[in-house]
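Since the structure comes first, as structure tokens, the remarks are kept for the end.
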Amino acid sequence: MSSLSIFTRSMLTRRVVASSHQAITRPLSCRFASTKHTKNFKPPSPDDLIELRERVREFTKREIPEEFAATVDRKNEFPEPMWRKLGEAGFLGITAEEDYGGLELGYQAHCVVMEELSRASGSIGLSYAAHSQLCVNQLTLNGSAEQKERLLPGLISGEKVGALAMSEHSAGSDVVSMKSHAKAVDGGWLLNGTKMWITNGPDADVVVVYAKTDPEKGSKGITALILEKGMKGYTCARKLDKLGMRGSNTGELIFEDVFIPHANQLGPTNKGVRVLMEGLDLERLVLSAGPLGLMQAALDITLPYVHQRKQFGIPIGHNQLIQAKLADMHTKLSAARAYTFAAARRVDEGVIDTKDCAGAILFAADRATECALDAIQCMGGNGYVNEVPAGRLLRDAKLYEIGAGTTQIRHIVIGRAFNKEYADQVI
């Protein structure tokens, strides 16, 4: 077991910071999140988070140096041994119960790990989030004791790979219009349909799948199911060739009369949309740390360059127009990081605000693309060649304006939250 695992487990026995729901005022877009944490969870202290960040940085320097990250992108392939390394480091069960190998550290800690992994490699960070948040955390929050005991140890150790399958060809932003359906049969469900753009799909051993179990009820007829590799009729039709996040394997999944036993139903029948939507809040929050890592990576390569590169006899970083770009990059990162971690802290204290979960990734994603473009501009011709990572950062950053709900959907989510809060004031 790595030093990080020992460190993080020891934190569970010495933290004294406690959360309180007393005297918390909240708008209607917020909800208490007592069910979004494990039984032994207590919010980490600032010192705990600083030490965790240092440990993750040690891991990335050792296991994901820049040459390795560039190779992962170039090969368009996630490095399979990385799953075991992430598991041994303790990263794959950040929010899961200690009983199953998790660390019960909460969402601030999850964002710390996501940011630092993404700083080293956007692709590895994205696949990490799909596994640890979309799959492991969903099982932690909604799985039965039997399901967690059976599935979580392998996922948390990195022996198995997890994914979540929600989007379809015709159901992206309008996800509840999905066509995948499951028919009740003796002992379980018979699943048919397809899922598209599934992160970790080509590799996944365990997939949380949403399907219509009562199509006539629309969004109120969706059930969450657990698919496992080897089930007859389940295949990955193809691995997608993407613009960015190329080291994060993404695929199209096909279900042809796949039998899902009742033991693999996640949550109540026809209540899957609640699992889906509440999961999206936490997904957006944790994923918002991905752009933070990419922005930091953009600064990591830009700052040394502009102070070493000379034109007209002085470092280009001494020119005011370049200084303005550096100031903007730093300010955008600092503001986005503050927003993400403020929202994560509120979740750890017991309150989820839909507006801020959507707002954090909305702001961070747009700023990450801007910072990557500024990095390329500051580096000029050198920034435009693939020998340096600036172009990869841009390609990776663009994903966050699309995945987990597009920028435009995030605007709608926030606007609808305000509509709900002020519904009683409509004249």
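The values are calculated or read from the model by the stated rules, or taken from the named source; none is laboratory data. Quantities reported herein were computed from a predicted structural model and do not represent experimental measurements. A quick note on method: Cβ atoms are made from the backbone with ideal geometry, for glycine too, and the neighbour counts reach across all protein chains shown. Only protein heavy atoms, including side chains, enter the accessible area calculation; ligands, DNA and RNA are left aside. Shrake-Rupley method; radii C 1.70, N 1.55, O 1.52, S 1.80 Å.
Observations on the structure shown:
- The H on the amide N of residue 211, modeled in the peptide plane, is under 5 Å from the matching H of 223, 225, each at least 5 residues off or on a different chain.
- Taking amide H as placed 1.01 Å from N in the peptide plane, the amide H of residue 237 sits under 5 Å from that of 252, 253, 254, each at least 5 places away or on another chain.
- Label selected from (i) 40, 22, 18; (ii) 35, 24, 23; (iii) 37, 26, 20, the criterion being semi-axes √(5λ) of the Cα gyration tensor in Å as computed here: (ii)
- Surface analysis of region 95-185 yields an accessible area of 26 Å² per residue, using protein heavy atoms and a 1.4 Å probe.
- Net +/- balance of residues flanking residue 280 in space, Cβ distance below 12 Å, scoring K and R +1, D and E -1: 0
- Calculated from backbone phi, Karplus (6.51, -1.76, 1.60) coupling profile of region 212-227 in Hz, x at Gly/Pro: 6, 9, 8, x, 5, 8, x, 5, 8, x, 9, 10, 8, 10, 10, 9
- Anisotropy class of region 46-160 from Cα gyration tensor, a/c 1.5 cut: oblate
- Model label points for residue 58 and residue 328, set 7 angstrom from Cα along the Cα-to-Cβ axis, are 3.9 nm apart.
- For the chain, size of Cβ-based charge dipole, Lys and Arg +1, Asp and Glu -1, in debye: 440 debye
- Virtual paramagnetic centre 7 Å along Cα→Cβ of residue 386, amide N under 13 Å, in region 74-90: 74-77
- Here's the list of lysines a cross-link from residue 325 could span, going by alpha-carbon distance under 19 Å and ignoring same-chain residues fewer than 8 apart: 310.
- Region 287-422: C-alpha gyration tensor shape, a/c 1.5 cut-off, then a/b vs b/c: prolate
- Cα-based shape type of region 205-265, given that a ≥ b ≥ c are square roots of the gyration tensor eigenvalues and the cut on a/c is 1.5: prolate
- Residue of 405, 106, 381 that the Gaussian network model of the chain assigns the largest fluctuation, springs spanning Cα pairs under 10 Å: 381
- 3J(HN,Hα) along region 370-377, derived from phi through the Karplus expression 6.51 cos²θ - 1.76 cosθ + 1.60 where θ = phi - 60°, amounts to 5, 5, 5, 5, 5, 4, 4, 5 Hz, with x in place of Gly and Pro.
- When only alpha carbons are used to place a centre, region 40-102 and region 372-409 end up 23 Å from one another.
- GNM result for the chain, Cα springs below 10 Å: residue of 335, 224, 182 fluctuating most strongly: 335
- Centroid-to-centroid separation of region 182-225 and region 278-301 [C-alpha atoms, Å]: 28 Å
- From phi via Karplus (6.51, -1.76, 1.60), per-residue ³J(HN,Hα) for region 246-260 in Hz, x at Gly/Pro: 6, x, 9, 5, 10, x, 9, 9, 10, 10, 10, 6, 7, 7, 10
- Between 292, 303, 266, the GNM of the chain built on Cα springs shorter than 10 angstrom shows 303 fluctuating the most.
- For a straight C-alpha distance cut-off of 20 angstrom, the lysines reachable from residue 39 (same-chain residues fewer than eight places away being disregarded) are 148.
- Within the accessible surface of the chain, defined with a 1.4 Å probe on protein heavy atoms only, the carbon and sulfur portion equals 54 percent.
- Take each peptide in 415-425, 49-59, 388-398, count the other Cβ atoms within 10 Å of every residue, and average; sorted highest first, the result is 388-398, 49-59, 415-425.
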